[in-house]
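As structure tokens, the structure follows; a few thoughts come after it.
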Amino acid sequence: MEGTGVIAFAASLAVLTGLGAGIGIAYATSKATEAISRQPEAAGKITTLALTGLALTEATAIYGLLIAILLFTKI
Amino acid sequence: MMSGEELMHKMQFKGYDINVFGFHIPISDSIIIMWIVMAVLIVLSIIFTRNLRLVPTGKQNVAEVIVEFVNNLTKGSLGHYWKPFAPYFGTLLLFLVFSNIISIFNIIPSGKGIAELTGLSFLEHFPEIAPPTKDFNVAAALAVMSIFLVLFAAIKYKGVKGWLKSFLEPIPVLLPFKILEYFIRPMSLTLRLFGNILAAFTIMELIYFAVPIVVPSFLSIYFDLFDGGLQAYIFVFLTLLYVGEAIE
């Protein structure tokens, strides 16, 4: 089919959103660990906030994956 | 090399078509897998809660640990409103955990394999064991259920007036965003669950194709067990968070 290579390249570019999500998750987790080791009694609240943040950060990677899948169906 | 078409075939949904009294009812693979999950859950619930005693022994300990975990989870985010919500979240968590990790059972020969072994031709379309939550529709249905729970909980505990007033808090300028939240939240819940499970499933399929022995068994622990459990927990946790926000 015409333009298959371009579509495949675009799909691979879309998956690069994982890069940002990876860095974001790593940063958030390291900060959460730091916070818990400073104040262990607040572990419950910090875990709640960290998990929410992680889930929201991860969403960008999922959207990238979704776009990649949508492009993939065009091949 | 595994072609794109073959991979697409694995990601799509076939299934039975049933004709009952002139009605045409399509039944997809994910529905059949969900029926299996439901049957397993119902049978396990009956087995684990038979002969309950005051001093727990054997299998009753396991059941109590699970119930206790769910109760503490709901108590943690909903405060003293936890009681009516705990059964829903427990069911949701168990269902999601079972359906997300079901792909570790895909050693069972499916479809054509079973049909050849037993000689029963109607088993030929029996689906491959794969998580039903990798189907966008299943994830969307669960997310819509969650957002309706948030809506009803808000109306029940605040009253219609209080619920409408909550749209104008803290400042009325945020009204459009507050309304949009009711559409964005189920969408992000859906995409998170479906995207994660589909990604893990696709990666496992690629690994099965590339290195069929030894390696998949280790990676399956991460992609099937850990990721599936984590996503189930996150789905329940975020729903709890939304409900907690709505009723406080």
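No value in this document is a laboratory result; all are computed from the given coordinates. A quick note: this is a predicted structure, and the numbers were derived from the prediction, not measured. Cβ atoms come from the backbone with ideal geometry, glycine included; neighbour counts cover every protein chain shown.
The amide H of residue B:27, built 1.01 Å from its N in the peptide plane, has B:16, B:17, B:18 as neighbours under 5 Å, considering only residues 5 or more places off or on other chains. Across the cross-link table entries A:45/B:59; B:134/B:161; B:75/B:156; A:31/B:161, which are compared at the Cα atoms, the separations over 29 Å belong to A:45/B:59; B:134/B:161; A:31/B:161.
By count of other Cβ within 10 Å, fewest leading, how are A:15, B:173, B:138, B:243 ordered?
B:173, A:15, B:138, B:243
Segment A:1-57 and segment B:178-222 have Cα centres lying 15 Å from one another. Counting neighbouring Cβ atoms within 10 Å and putting the fewest first, the residues B:205, B:248, B:169 line up as B:169, B:248, B:205. What the Kirkwood sum gives for chain A is a hydrodynamic radius of 14.1 Å, with every pair of different alpha carbons counted.
With the alpha-carbon atoms of the protein assembly as shown aligned to their principal axes, the span from lowest to highest coordinate is 59, 59, 51 Å, starting with the largest.
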